[in-house]
Amino acid sequence: MEEDMDEGQTQKGCFECCIKCLGGIPYPSLIATILLYAGVALFCGCGHEALSGTVTILQNYFEVVRGPMDSLDVFTMIDIIKYVIYGIASAFFVYGILLMVEGFFTTGAIRDLYGDFKITTCGRCVSAWFILLTYIFMLAWLGVTAFTSLPVFMYFNIWTICQNTTAVESANLCLDLRQFGIVTIGEEKKVCTGSEKFFKMCESNELDLTFHLFICALAGAGAAVIAMIHYLMVLSANWAYVKDACRMQKYEDIKSKEEQELHDIHSTRSKERLNAYT
């Protein structure tokens, strides 16, 4: 009988502990972190593969040749962008962890779980620094989203022409890379409708896959922007909470000091009355 009671108390204690742990999770920060990781993963993964597909299309159908290693051509720029993508993936993985840790330390559930705590000036500065940094990253991701929309627009035009080959056969349209700034003015790299290369490019999997990969990368960049906005709302709420907690802490300190002074005055008067009576 006693063993059953002990087992029931143990289960109850585990249940209460789980409830406290679940209550200590900063769910807004968790949702923003998941959205950030999903957006960054989508942008980096799809963007990297879309750039690789772009290299294949340029070499196979437009006959663009890679220049010397010391020259800055379109292939060198693509390689640089790939390295930037590697850096973005690593940096925002760490930044998401930092924001999650900040959310854990500033949520009210953690304060109730571990007891009251003191709000320091360093804590307020860290919260303000995260707000500023997140705002800058949000603007950066807006720029990345705008930049990613350019290849989507370019591939959309090519994809639309390929989908309407019967309607543009008589128009004799040409896709000239000089119009997009991919090659110099002196180089003539173009593919015209009705040519064998044009039909091969339209029938290939590279064009369709690269176009949709760029769309996914654009969606990932947009998700990262939404995550940054979500983080800004969470960090602003945490900052307001820290500010109110700091004011409440000052009020409690002043109140405690006044109560101590009143207690000392009352004790002194009681001693004086006792001495006068004796």
Taking 22 Å as R0, compute the FRET efficiency from the Cβ-Cβ separation of F156 and L209 and round it to 0.05.
0.95
F180, F137, reordered so the largest accessible area comes first (probe 1.4 Å)
F180, F137
Surface accessible to a 1.4 Å probe, H212 within the full protein complex, Å²
80
How much solvent-accessible surface does L35 expose, in Å² to the nearest 10, with a 1.4 Å probe and all protein chains in place?
60
Which of C44, C174 is most accessible, then next, and so on - probe 1.4 Å
C174, C44
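Calculate, in nm to one decimal, what Y86 and E258 gain on full extension: separation in residues at 0.36 nm each, minus their alpha carbon distance. Before the final figure, lay out each step's value.
Values: separation 172, 0.36 × 172 = 61.92 nm, distance 5.82 nm.
Length difference between fully extended and current span is 56.1 nm.
Starting from 0.36 nm per residue, how many nanometres of slack lie between A128 and F147 once their C-alpha separation is accounted for? Let's see the in-between values first.
Working: separation 19, 0.36 × 19 = 6.84 nm, distance 2.90 nm.
Computed gain between A128 and F147 is 3.9 nm.
The values are calculated or read from the model by the stated rules, or taken from the named source; none is laboratory data. Note that the structure is predicted; figures quoted are calculated from it, not measured. Positions of Cβ are backbone-derived with ideal geometry, glycine not excepted, and every protein chain shown enters the neighbour counts. The area values use the complete protein model at the heavy-atom level, side chains included, leaving out ligands, DNA and RNA. Shrake-Rupley method; radii C 1.70, N 1.55, O 1.52, S 1.80 Å.
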